[in-house]
Amino acid sequence: TFCFLIVGCTFSLLSLCWKEVKRRKGQDILQEAFKEFDYDQDGYLNYKDVAECMRTMGYMPTEMELLEIVQQIKMRMGGLMDFEDFVELMGPRMMGETAHMLGLKELQSAFVQFDLDGDGKINQDEMKEAVKSLLGEKLKKGELEEILKELDINEDGNIDFEEFVMMLSIR
């Protein structure tokens, strides 16, 4: 019930955190791969090297995908691809490959957004503030208490990290 409201908020926050992590990590990974296959260090990849680069990064394009990509590079880009075009090509593929992954760091990062005083627990005031900032609205009287009651497995009046993770796993 109201638990789904918080789960939704949390997933929105996790999604934002995860996107930022992926964007940063993805940019680094893409930059590293691009440099490795930019053999003459001119800032361009030859269309012949793009497939090998993609495979090295763990993305296994089908022959049809490769034909389309090579055709596009040859026609639109004169046979060479700069880093910006490479990011445009690989970014969505990387997002698709990693969209299902959520690591401990991302969960902890989201938890910290709720745990405003850093004590390792989310209390009623922190939950109230998080819901207000994430949803942009206040909950009705009693709703917050009901949410906390549903999520607070050990009934200590707070949501600890384990309860937070469990809350997300029920979604």
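Report every pair of residues separated by at least 6 positions or lying on different chains whose Cβ atoms are under 7 Å apart, first residue within the stretch 62-87 and small (Gly, Ala, Ser), second surrounded by 14 or more Cβ atoms within 10 Å (Cβ to Cβ) and assigned to a helix (DSSP H, G or I).
79/47; 79/73
Out of everything in the stretch 25-67 that is open to solvent by 100 Å² or more (accessible area, probe 1.4 Å) and among the acidic types (Asp, Glu), what residue ends up being nearest to residue 79 (Cα to Cα)?
Ranking the candidates gives 40 first.
Looking at residue 106, is it at pLDDT 80 or above and either out of contact with any Lys or Arg (no Cβ under 7 Å at 6 or more places or on another chain) or in a loop (DSSP other than H, G, I, E, B) (or both)?
The answer is no for residue 106.
Please determine whether any residue of the stretch 110-124 is at negative phi, at pLDDT below 80 and open to solvent by less than 40 Å² (accessible area, probe 1.4 Å).
Yes.
Taking the stretch 153-171 as the region of interest, how many residues are at pLDDT below 85, open to solvent by less than 90 Å² (accessible area, probe 1.4 Å) and not hydrophobic (A, V, I, L, M, F, W, C)?
The number of residues fulfilling the criteria is 2.
Do you know which residues across the stretch 71-86 are part of a helix (DSSP H, G or I) and open to solvent by 40 Å² or more (accessible area, probe 1.4 Å)?
71, 72, 74, 75, 76, 83, 84 - these are the residues of the stretch 71-86 that are part of a helix (DSSP H, G or I) and open to solvent by 40 Å² or more (accessible area, probe 1.4 Å).
Are any of the residues in the stretch 118-140 touching a helix residue (DSSP H, G or I) at 6+ places or on another chain (Cβ under 8 Å), of a type in the set (Val, Ile, Thr) and assigned to a strand (DSSP E or B)?
Scanning the stretch 118-140 turns up at least one residue that is touching a helix residue (DSSP H, G or I) at 6+ places or on another chain (Cβ under 8 Å), of a type in the set (Val, Ile, Thr) and assigned to a strand (DSSP E or B).
The values are calculated or read from the model by the stated rules, or taken from the named source; none is laboratory data. As the structure is a prediction and not an experimental result, all values here were calculated from the model. Glycine gets a Cβ as well: all are built from the backbone with ideal geometry, and neighbour counts include every protein chain shown. The accessibility values were calculated without ligands, DNA or RNA, using every heavy atom of the protein model including side chains. Shrake-Rupley method; radii C 1.70, N 1.55, O 1.52, S 1.80 Å.
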